[in-house]
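Okay, structure first, notes after.
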Amino acid sequence: MKLYTYFRSSAAFRTRIALNLKGIVYESVAVDLRAAASAHRKPAFLAVNPQGLVPALEHDGSTIAQSLAIIEYLDETHPDPPLLPKSPADRAQVRAMALAIACDIHPLNNLRVLNYLRSPLGQDEDTVSAWYRHWIAEGFRGLEEDAKRVSGDRCHMFGTTITVADVCLVPQMYNARRFKCDVEPYPTLRAICAHLEFLPAFANAAPEAQPDGQ
């Protein structure tokens with residue numbers, strides 16, 4: 001497998017976690033999203049993923065974009081350990097929490113959105129940071145209540161095993177702290193992250209552990 005990634009992309013971060021949890025050896029190809037490089041806008045990468053986004057996964061002659069599509073592909077092709085529960089209702093609950101992050105929080109705070117706020121919209125850094133903190137608070141408020149209801153041990157978002165909801169939470173919490181968001185109101189989410197962040201699959205996927213993050 002070949003993963004096109006960027007060290008600080010939370011979508012790529014969650015994909016790296018899933019690959020590590022599955023014990024899959026993969027080739028990492030860095031795609032520098034920073035303005036000076038803008039490698040994701042170059043023809044070479046657009047030929048891989050016309051969306052111009054990371055991550056993208058190449059495997060067996062196919063290229064898959066979008067982190068949650070990749071993670072579910074990995075779960076179907078490498079089912080041990082499973083990242084989704086067995087029952088349809090439980091699977092839906094886990095997917096709902098993962099999507100709350102991947103669809104409601106992350107896109108609003110994506111690098112390209114923040115850069116668009118800066119230019120051409122002309123917003124200063126204080127305004128951009130306030131935007132980021134607002135959407136983290138909006139999303140984490142509901143996730144905190146979800147986790148209180150369905151976490152079985154305050155170490156996992158659902159039940160007592162790692163699911164795709166955990167895979168999505170840790171990168172989002174990492175970014176929240178990076179942007180100095182107040183995470184004190186979310187003790188359940190913080191407790192879950194405190195357990196997960198030091199597990200090898202999560203720690204080895206962290207931005208600072210990536211070759212392009214050095």
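Results, tabulated for the structure shown:
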| item | result |
| --- | --- |
| Lone qualifier among L169, L121 - being outside the structural domain of E72 (by TED's automatic domain parsing) and part of a helix (DSSP H, G or I) | L169 |
| Elements of type strands (runs of 3 or more DSSP E) in segment 10-81, at least 1 residues being out of contact with any helix residue (DSSP H, G or I) (no Cβ under 8 Å at 6 or more places or on another chain) and of a type in the set (D, E, K, R) | 27-30, 56-59 |
| Residues satisfying the stated conditions in segment 97-110, i.e. in contact (Cβ under 8 Å) with a residue 24 or more places away in the chain and closer than 20 Å to D146 by Cα | M97, A98, L99, A100, I101, A102, D104, I105, H106 |
| Where a residue in segment 145-164 is more than 14 Å from P81 (Cβ to Cβ) and assigned by TED's automatic domain parsing to the domain that holds V94 and its partner, wherever it lies, is aromatic (F, W, Y) and in a loop (DSSP other than H, G, I, E, B), with Cβ under 7 Å and at least six apart | V150/F158; S151/F158 |
| Given (1) aliphatic (A, V, I, L, M); (2) out of contact with any strand residue (DSSP E or B) (no Cβ under 8 Å at 6 or more places or on another chain); (3) under 19 Å from P85 (Cβ atoms), index of the condition L189 fails | (3) |
| Extreme residue, modelled with the highest pLDDT, among residues of segment 148-189 that are surrounded by fewer than 17 Cβ atoms within 10 Å (Cβ to Cβ) and within 16 Å of the chain's Cα centre (by Cα) | R177 |
| Residues located in segment 15-31, provided they are within 17 Å of the chain's Cα centre (by Cα) and not aliphatic (A, V, I, L, M) | T15, R16, N20, K22, S28 |
| From the options A100, A130, A96, residue that is aliphatic (A, V, I, L, M), in the same structural domain as P187 (by TED's automatic domain parsing) and surrounded by 18 or more Cβ atoms within 10 Å (Cβ to Cβ) | A100 |
| Which numbered condition R190 fails, given (1) assigned to a helix (DSSP H, G or I); (2) closer than 17 Å to N204 by Cα | (2) |
| Tally, over segment 32-64, of residues that are under 19 Å from the mean Cα position of the chain (by Cα) and free of Cβ contacts under 8 Å to residues at least 12 places away in the same chain | 2 |
| Qualifying positions in segment 165-192 - without any contact (Cβ under 8 Å) to a residue 40 or more places away in the chain, touching a Leu at 6+ places or on another chain (Cβ under 9 Å) and not aliphatic (A, V, I, L, M) | D166 |
| Qualifying residues in segment 193-207 (those that are out of contact with any Asp or Glu (no Cβ under 7 Å at 6 or more places or on another chain), in contact (Cβ under 8 Å) with a residue 40 or more places away in the chain and in a helix (DSSP H, G or I)) - the one surrounded by the fewest Cβ atoms within 10 Å (Cβ to Cβ) | P200 |
| I105 being touching a Cys at 6+ places or on another chain (Cβ under 7 Å) and crowded, with 17+ Cβ neighbours inside 10 Å | no |
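The values are calculated or read from the model by the stated rules, or taken from the named source; none is laboratory data. No experiment lies behind these values; they were computed from the predicted model shown. Don't worry about glycine lacking a Cβ; one is built from the backbone with ideal geometry, like all the others, and counts go over all protein chains shown.
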